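What follows is a structure written as structure tokens; I'll ask about it next.
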Amino acid sequence: IAQIGDVPALPGDRVLDARGGVVTPGLISTHHHLFQSMLKGVPSAIDAPLETWLRLVPTSYWNRLDEDALQTAALVGMAELLLSGCTTVADHHYLFADSYRYDPAAVLFETADRLGLRLVLARGGTTRTRAFDTDDILPTPTEPLDVMLRRVGDLVSRYHDPSPDSRRRIVIAPNTPTWGVTPDELRELAHAARAMGIGLHSHLSETGNYVRYCRETHNMRPVQFVAEHGWTGPDVWFAHLVHLDHSEIAILAETGTGMAHCPQSNCRLGSGIAPAPDLDRLGGRVSLAVD
């Protein structure tokens, strides 16, 4: 929106009659997985909770995601966003396999350019595999931390624009702070992101298993755990944050750490209802996302 009021048409302008409508800035989706647009409605996973769904859908199909499939998925996902008035998307893409013969980041940014969207690429990945409820699937890609950081640095040099009107940004986004990397690596990721001047993003507390694992392994709740390792502040936001207690909500509000609230995904997987209103009432940062 460049100007408001009685604005005369200039030569070459296209005039639209918007009487009875609303002109609004574009909406923003702060957490997405565009590649999953190709994986909707897998029958075996229709009624599955998160952990089983991950095994039956992305973990079972990631190795079939060729360049054409990712281009189609990105096109479909971005078109859906545009048709609902969304013009900025943070896409958490975590499939960067050495077996791929294409560059997923290039595919995503080129598709966003074609459609005119702002794209924040939350560059995901893990340094260690995660066990599911069966061993008959090909594990998702992993990479050593130094390789991950080198590749993120390359993306920053190629794509990241820190200006206020930027249409291309990069953030560091391991799949989860609890399962995807070690505690020491979590600290290194936070340090590296701040040294590069980019943000931090991940999933957190999506299901009760996040809380149970963190308490059993680290003797603290997930938000307390990430706070201990440098993952709070205005340059950090987490997707879901369904299972929080009052102390964790207070930490998020006090530090300015954001919540990407994904109500449809949380409902679809039966994960629960995130305390987004409670965080908002404390002055915390709450945004909407689709997952």
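The values are calculated or read from the model by the stated rules, or taken from the named source; none is laboratory data. Keep in mind that what you see is a predicted model, and the values were worked out from it rather than measured. Positions of Cβ are generated from backbone atoms using ideal geometry, with glycine treated the same way; all protein chains shown enter the neighbour counts.
From LEU56, LEU10, which residue is farther than 30 Å from ARG169 by Cβ, crowded, with 19+ Cβ neighbours inside 10 Å, out of contact with any Leu (no Cβ under 9 Å at 6 or more places or on another chain) and not polar (S, T, N, Q)?
On the way: LEU10 fails: crowded, with 19+ Cβ neighbours inside 10 Å.
The match here is LEU56.
Okay, moving on. Keeping to region 60-85, report how many residues are surrounded by fewer than 19 Cβ atoms within 10 Å (Cβ to Cβ) and either among the hydrophobic types (A, V, I, L, M, F, W, C) or in a helix (DSSP H, G or I) (or both). First the steps, then the outcome.
First pass over region 60-85, keeping only residues surrounded by fewer than 19 Cβ atoms within 10 Å (Cβ to Cβ): 61, 63-64, 66-69, 71-72, 75-76, 79-80, 82-85.
Restricting the remaining residues to those that are either among the hydrophobic types (A, V, I, L, M, F, W, C) or in a helix (DSSP H, G or I) (or both) gives 61, 63-64, 67-69, 71-72, 75-76, 79-80, 82-83.
Count: 14.
While we're looking at this one, here's another question. Tell me, which helices (runs of 4 or more DSSP H) lie completely within region 223-291 with 1 or more residues that are more than 18 Å from the chain's Cα centre (by Cα), without any contact (Cβ under 8 Å) to a residue 24 or more places away in the chain and surrounded by fewer than 23 Cβ atoms within 10 Å (Cβ to Cβ)? Can you show your working first?
On the way: elements: 246-255, 263-268, 276-281.
In region 223-291, the matching helices (runs of 4 or more DSSP H) lie at 246-255, 276-281.
Per-residue answers, yes or no, for (1) in a loop (DSSP other than H, G, I, E, B); (2) without any contact (Cβ under 8 Å) to a residue 60 or more places away in the chain:
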position: THR140; (1), (2): yes, no
position: ARG150; (1), (2): no, yes
position: ASP154; (1), (2): no, yes
position: ASP161; (1), (2): yes, yes
position: PRO164; (1), (2): yes, yes
position: VAL171; (1), (2): no, no
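To continue, here is another question. From the list ASP47, ASP103, ASP68, ASP98, exactly one residue is within 26 Å of CYS267 (Cβ to Cβ) and out of contact with any Lys or Arg (no Cβ under 9 Å at 6 or more places or on another chain). Which is it?
Values: ASP103 fails: within 26 Å of CYS267 (Cβ to Cβ); ASP68 fails: within 26 Å of CYS267 (Cβ to Cβ); ASP98 fails: within 26 Å of CYS267 (Cβ to Cβ).
Going through ASP47, ASP103, ASP68, ASP98 in turn, the sole match is ASP47.
Would you point out which residue out of GLY77, GLY5, GLY20 is at pLDDT below 90 and of a type outside the set (Phe, Trp, Tyr)?
Numbers: GLY77 fails: at pLDDT below 90; GLY20 fails: at pLDDT below 90.
Sole residue among the options that is at pLDDT below 90 and of a type outside the set (Phe, Trp, Tyr): GLY5.
How many residues are touching a helix residue (DSSP H, G or I) at 6+ places or on another chain (Cβ under 9 Å) and more than 24 Å from TRP237 (Cβ to Cβ) if we restrict to region 91-102?
Of the residues in that region, 5 qualify.
Under 8 Å between Cβ atoms, which residue pairs at least 6 apart in sequence (or on different chains) link something in region 32-59 that is in contact (Cβ under 8 Å) with a residue 40 or more places away in the chain and in a helix (DSSP H, G or I) with a partner that is buried (at least 18 other Cβ atoms within 10 Å of the Cβ) and of a type in the set (D, E, K, R)?
Close Cβ pairs satisfying both conditions: LEU34/ASP91; LEU50/GLU206.
Restricting attention to region 179-222, and to residues there that are of a type in the set (S, T, N, Q) and in contact (Cβ under 8 Å) with a residue 24 or more places away in the chain, which single residue is farthest from HIS33 (Cα to Cα)? Working first, answer last.
Just the residues of region 179-222 that are of a type in the set (S, T, N, Q), to begin with: 182, 202, 205, 207, 209, 217, 219.
After this cut, where a residue has to be in contact (Cβ under 8 Å) with a residue 24 or more places away in the chain as well, the list is 182, 202, 205, 207, 209, 217.
On the way: THR182: 23, SER202: 12, SER205: 18, THR207: 18, ASN209: 21, THR217: 28 Å.
Among residues in region 179-222 that are of a type in the set (S, T, N, Q) and in contact (Cβ under 8 Å) with a residue 24 or more places away in the chain, the one farthest from HIS33 (Cα to Cα) is THR217.
Check region 188-206 and report whether any residue there is part of a loop (DSSP other than H, G, I, E, B), at pLDDT 95 or above and in contact with a Leu (Cβ under 9 Å, 6 or more places away or on another chain).
Within region 188-206, the subset part of a loop (DSSP other than H, G, I, E, B) is 197-198, 205-206.
Next, from what is left, pick out any that are at pLDDT 95 or above: 197-198, 205-206.
Okay, now just the ones that are also in contact with a Leu (Cβ under 9 Å, 6 or more places away or on another chain), so 205-206.
Taking every residue of region 188-206 in turn, at least one turns out to be part of a loop (DSSP other than H, G, I, E, B), at pLDDT 95 or above and in contact with a Leu (Cβ under 9 Å, 6 or more places away or on another chain).
Would you pick out the residues in region 80-120 that are among the small types (Gly, Ala, Ser), modelled with pLDDT under 95 and closer than 29 Å to VAL147 by Cβ?
Scanning region 80-120 gives ALA97, SER99.
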